[in-house]
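First up is the structure itself, then whatever we jot down about it.
The values are calculated or read from the model by the stated rules, or taken from the named source; none is laboratory data. This one's a predicted model, so the numbers in the text were calculated from it and none came from an experiment. Note that we place each Cβ from the backbone using ideal geometry, even for glycine, and neighbour counts take in every protein chain shown.
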Amino acid sequence: MKKIVLILLLIVSASFAVESKNERNLNMESFNKPDEEAMNSMNRWLNGVFGLQPHKPNYILPFGYQEKNYKSYDTNQYKNIEAELQVSLKLPIARDLFDLGETYYLAYSHQAFWQLYIDSSPFRETNYNPEGFVVFPVLDTTSIFHMRSLKFGIAHVSNGQADTSKVQYVDFTNPGNRSRSLNYFYTEGTFQYDTLVTDIRLWSRFPENGALDDNPNLTDYTGFSEIKFSYFLGQHMFTLMQRGSFQTWKGATELTYSYPLQNDVYAYFKVFSGYGESLIDYDNHITKFSVGFSFSR
């Protein structure tokens, strides 16, 4: 009887041992098998895939020259030579909500004017431009200038400065308010003929309380309309932008040229003449030539 009991105990122990070993093997297989969702997330991170896209041109222009020195709103004596850089990105956040093929975006542009060639190298002006917009594709195959898309957006642009009009300075006379900002709606149509792309934009300011509006005459200098031509000739790209007001006949013209050097690096040249190159100088007429590199067109 004791032998039978001992044999039964050995059989049960062996079965538990086999079951335990199988469980360990199963657990090890589960541990060693990579999680597909985690692998996809890791690969997107390793490859830098986050859905961000270029919006406006991204560039750094180490040399920009204009004939006269820039107006100073502090103790710095700004020169007529400076660097300029712009970072501009957009992110698609939704698509086809109304079954029209539309895409919704959030975007941010950061433009800085850098007095690189004076002591301490301060940034003379920085402009911030967040926006949200929706782009509707248009399948126009009948007109000469084929309409490609229609865009509607809402945006804010400012230089992040506070109202300094009442600040008492010891070292120099207060030159006025440094705050610049604008909230606006806009609509833009994009047309194409061969390798010529034309963008036509109209915008309107938000209604603002006069006491809270730091620069109510800003659009007298920038206007409410803009037309931009982008022309491709081989790998060369030329742009011509004209904006302005039909009431004051003030505005600006901008010419750019870019050519690929390697991968996503382009030689970039820009000529700007008119009002509103930067918010701080919106009412000063500036003619400026800049050269450097862009990383998107």
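Things to note:
- Any hit, the range 100-107, residues being assigned by TED's automatic domain parsing to the domain that holds residue 178, touching a residue at least 60 places away in the same chain (Cβ under 8 Å) and either surrounded by 15 or more Cβ atoms within 10 Å (Cβ to Cβ) or touching a helix residue (DSSP H, G or I) at 6+ places or on another chain (Cβ under 9 Å) (or both): no
- Of 230, 290, 258, 278, all but one fail to be surrounded by 14 or more Cβ atoms within 10 Å (Cβ to Cβ), part of a loop (DSSP other than H, G, I, E, B) and of a type in the set (Gly, Ala, Ser); the exception is 278.
- Annotation note: of 242, 192, 247, the sole residue that is at negative phi, over 25 Å from the mean Cα position of the chain (by Cα) and among the polar types (S, T, N, Q) is 247.
- Within the range 111-134, being crowded, with 16+ Cβ neighbours inside 10 Å, under 18 Å from the mean Cα position of the chain (by Cα) and closer than 29 Å to residue 269 by Cα holds for 111, 112, 113, 125, 126, 127, 128, 129, 131, 133.
- Residue 141 satisfies every condition listed in (1) assigned to a strand (DSSP E or B); (2) among the polar types (S, T, N, Q); (3) over 30 Å from residue 164 (Cβ atoms) except (1).
- When residue 248 is tested against (1) among the hydroxyl-bearing types (Ser, Thr, Tyr); (2) more than 16 Å from residue 111 (Cβ to Cβ); (3) surrounded by 15 or more Cβ atoms within 10 Å (Cβ to Cβ), just one condition goes unmet, and that condition is (3).
- Any hit, the range 257-268, residues being within 20 Å of the chain's Cα centre (by Cα) and under 19 Å from residue 114 (Cβ atoms): yes
- Test: residue in the range 77-91 that is in contact (Cβ under 8 Å) with a residue 24 or more places away in the chain, loosely packed, with under 14 Cβ neighbours inside 10 Å and part of a strand (DSSP E or B): no
- Search result, residues across the range 204-219 that are buried (at least 16 other Cβ atoms within 10 Å of the Cβ) and in contact (Cβ under 8 Å) with a residue 40 or more places away in the chain: 214, 215, 218
- Some residue of the range 18-37 being at pLDDT 80 or above, closer than 30 Å to residue 291 by Cα and outside any loop (DSSP other than H, G, I, E, B): no
- Remark: residue 54 matches the filter, which requires a residue to be under 23 Å from residue 184 (Cα atoms) and not small (Gly, Ala, Ser).
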